[in-house]
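Data first, discussion second: the structure below is written as structure tokens.
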Amino acid sequence: MRRRELITLLGGAAVAWPFAARGQEPVTPVIGFLNTTRPYPPLIDEFHKGLAENGFYEGRNVSIEHRWAEGHYDRLPALAAELVRHRVDLIVAAGGSNAGTAARVATNTIPIVVLIGGDPVELGLAASLSRPGGNVTGVAQLVVAAERKRWELFHELVPTAKTIAYLVNPAGPNVKRQIQDAVSEEHTLGVKLSILRASSGDDFAAAFATIVQDRIGALVVGADPLFFMQRDQLVALSVRYAVPTMYFFREFVTAGGLVSYGTRLIDGYHQLGVYTGKVLKGAKPADMPITQQSEKIELVINLKTAKALGLDVPLSLLTRADELIE
């Protein structure tokens, strides 16, 4: 080999080597985190704990791009598209079915891990629970499915209420089914149903004004991420106007609400983190069964609030309650 050719070859190797070396360095995966609400630290912490079970820690070997819709569901498609353009390795869609649907519309190739309260098959996110078949897997909490049981338990707690208001979000993905179930319970329980609608926190005052004006005896808050995000405001209004109210997560009751019946949201976020870690390690969403969390549906009663409302909690509910707050 001639000297000039040797120098050229060595020079080329010297230029190419750093790129090859960088190619061998581990690449930090990027998670796109899409949520319908706003940050709530206890849930985010639990998601991180689930990630850690598979050896992933934000800032060390994984990074997270957060996108929060702040209760404005119409923002979700644009936020999901933004994450796709950012070329994230995986999208986590939490805070209700709207986020999962927006992510699925935005991409059919990037893996998506969802936490939803509805049926993923009915929503078109998966072919089946056992074999989703596409790029979506995750956790389905029985939030909407437990709604009928909420009505039964609540009627047991406030049997004298002849009319019960039902607060729903018209922008929610499950609102039609929720109203149908409520109408069915109206006939079963022999009560009159009053449907109230709120698509933002600004609508709550008008809803409670209707409750007071029409002398409605009680309120059931329909399962919706917006209402969870605005739980402090809803609880405060229920307390101010002395309206016995049934909620869908225990966080309402710990904030001073009367009663809730539902799954543990914090457990859902933990499992969401676990599933995300598994996908990052190479598991395919198409082959990962969607977990249904139904074994921990809890009845939580705030006895202090019940006393303030002048309610005597039946022994049947006291013995069945998973948690009594005094």
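Provide the packing ranking of 63-76, 175-188, i.e. peptides ordered by the mean count of other C-beta atoms within 10 Å per residue, highest first.
63-76, 175-188
Quick one: what Rg and Dmax do you get for segment 130-194 from the alpha carbons, in Å?
15.0, 49
At 1.4 Å probe radius, can you tell me the per residue accessible area of the chain in Å²?
Accessible area per residue: 48 Å².
Name the residue from 303, 113, 175 whose Cα lies farthest towards the positive end of the charge dipole of the chain, charges +1 on Cβ of Lys and Arg and -1 on Cβ of Asp and Glu.
The Cα lying farthest towards the positive end belongs to 113.
Output wanted: per-residue J couplings in Hz (rounded whole) for segment 127-134, from phi through Karplus 6.51 cos²θ - 1.76 cosθ + 1.60, θ = phi - 60°, x for Gly and Pro.
6, 7, 6, 6, 9, x, x, x
If one takes the longest principal axis of the Cα atoms in the chain, at what angle in degrees, from 0 to 90 and to the nearest 10, does the Cα axis of helix 97-106 lie?
30 degrees
Quick one: compute the contact order of segment 53-133, relative version, from alpha carbon pairs under 8 angstrom and 6+ residues apart, as a percent.
This gives 22 percent for segment 53-133.
Does segment 86-128 come out rounded, prolate or oblate by the C-alpha gyration tensor, with a ≥ b ≥ c the root eigenvalues, rounded set by a/c under 1.5 and, if not, prolate when a/b is larger than b/c and oblate if not?
Judged from the Cα gyration tensor, segment 86-128 comes out prolate (a/c at least 1.5, a/b above b/c).
When only Cα pairs under 8 Å and 6 or more residues apart are kept, what is the percent relative contact order across the chain?
Computed over the chain, the figure is 20 percent.
Would you list which aspartates and glutamates come within 20 Å of residue 284, measuring only between C-alpha atoms, while excluding same-chain residues fewer than 8 positions from it?
Straight-line reach from residue 284, under 20 Å: 53, 89.
Please list, in chain and number order, the residues 5+ apart from residue 325 or on another chain whose amide H is under 5 Å from its amide H, with Hs placed from the backbone.
301, 302, 303
Taking the Cα centre of segment 212-326 as the origin, how large is its charge dipole in debye, to the nearest 20, when only Lys and Arg (+1) and Asp and Glu (-1) carry charge on their Cβ atoms?
180 debye
Along the charge dipole of segment 23-135, Cβ charges K/R +1 and D/E -1, which of 37, 78, 132 sits furthest on the positive end?
78
How would you classify segment 59-119 from its alpha-carbon gyration tensor, with a ≥ b ≥ c the square roots of the eigenvalues: rounded for a/c under 1.5, else prolate if a/b is greater than b/c, otherwise oblate?
Judged from the Cα gyration tensor, segment 59-119 comes out rounded (a/c under 1.5).
So in the chain, what percent of DSSP beta bridges are antiparallel if you round to the nearest 5?
10 percent
Compute the signed sum of charges (Lys and Arg +1, Asp and Glu -1) over the other residues within less than 13 Å, Cβ to Cβ, of residue 113.
Taking every other residue near residue 113 into account, the sum is +3.
Explain nothing, just compute: Karplus ³J(HN,Hα) = 6.51 cos²θ - 1.76 cosθ + 1.60, θ = phi - 60°, for every residue of segment 309-322 in order, whole Hz, x for Gly and Pro.
Once rounded to whole Hz, the list reads 8, x, 9, 9, 6, x, 4, 4, 7, 4, 6, 8, 5, 7.
What part of the accessible area of the chain, given as a whole %, is carbon or sulfur when the probe is 1.4 angstrom?
Heavy-atom surface of the chain belonging to carbon and sulfur, 1.4 Å probe: 52 percent.
At q = 0.16 Å⁻¹, what log₁₀ I(q)/I(0) does a Debye calculation on the Cα points of the chain give, no solvent, two decimals?
So the normalised log intensities are -1.27.
Once phi is turned into ³J(HN,Hα) by the Karplus curve 6.51 cos²θ - 1.76 cosθ + 1.60 with θ = phi - 60°, what whole-Hz value does each residue of segment 43-54 show in order, with x for glycine and proline?
6, 5, 4, 5, 4, 5, 5, x, 4, 4, 4, 9
How large is log10 of I(q)/I(0) for segment 43-162 at q = 0.17 Å⁻¹ when the intensity is taken from the Debye formula with one equal scatterer per alpha-carbon?
Taking Cα atoms of segment 43-162 as identical point scatterers yields -0.92.
The values are calculated or read from the model by the stated rules, or taken from the named source; none is laboratory data. The structure presented is a predicted model; accordingly, all values stated were derived computationally and were not measured. For neighbour counting, all protein chains shown are included, and Cβ atoms are generated from backbone atoms with ideal geometry for every residue, glycine included. The protein model used for the area step is the full one, side chains on, heavy atoms only, and it has no ligands, DNA or RNA in it. Shrake-Rupley method; radii C 1.70, N 1.55, O 1.52, S 1.80 Å.
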